[in-house]
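Derivation of every value follows stated rules applied to the coordinates shown; laboratory data play no part. Please read these numbers as outputs of a predicted model, since none were measured by experiment. Cβ: placed from backbone, ideal geometry, glycine included. Neighbour counts: every protein chain shown.
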Amino acid sequence: MSRQLAVMVALLAASGLSQAVTKCLSGGEVLYTSASCPAGYMNVTGTMRGHLFTVPNVAKTLRADQAYSRIRTQTAELVRAQRERDKEWNLRSQNLSLNQCLILDYRVRATERAMNETEYWSRADRYREHVDALRAEQYYQGCFG
């Protein structure tokens, strides 16, 4: 059984799952890197014994996750608020357009009534031209449909 365990450990070590680490020294400063040593550092990897394991800083990771969550929540709130403003703006512009169409329709009806009630042909012609201009404005505004 111990022989099988030893073979498995040897295969695991030889499989390349572990990453090479280079120990670099400059004065009293030690630098561990997965690449070659930067300028000003001397490679002293041969003096290392055993394997090097890194343990993540859980508190730092937790703080980073919390900061990310706060930023994401703030961003989501900003997006929601902007969508609400856009929705309100669209509703107001639709109401404005509808009101303009109603005003144009009211003016057309009033002009047609005045045209039918006038006794003079010259005034009726002016009213007719005015109605035509109002109808063109209704078409331009998209009031029909």
So how much slack lies between THR33 and ARG72, counting 0.36 nm per residue of separation and subtracting their Cα-Cα distance, in nm? 10.7 nm
Simple SL model, points at 7 angstrom along Cα→Cβ for ASN57 and MET42; separation in nm is 3.0 nm
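Please state, to two decimals, what the Cα-based radius of gyration of the range 64-145 comes to when divided by 2.2 N^0.38 Å (N = residues). Show your work: numbers first, answer last.
On the way: Rg = 24.5 Å, N = 82, 2.2 N^0.38 = 11.7 Å.
Compared with the compact-globule rule of thumb, the range 64-145 sits at 2.08.
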So the FRET efficiency between ASN90 and TYR139, C-beta based with R0 = 30 Å and rounded to 0.05, is 0.85
In Å³ per residue, the alpha-carbon convex hull of the range 79-123 encloses 40 Å³
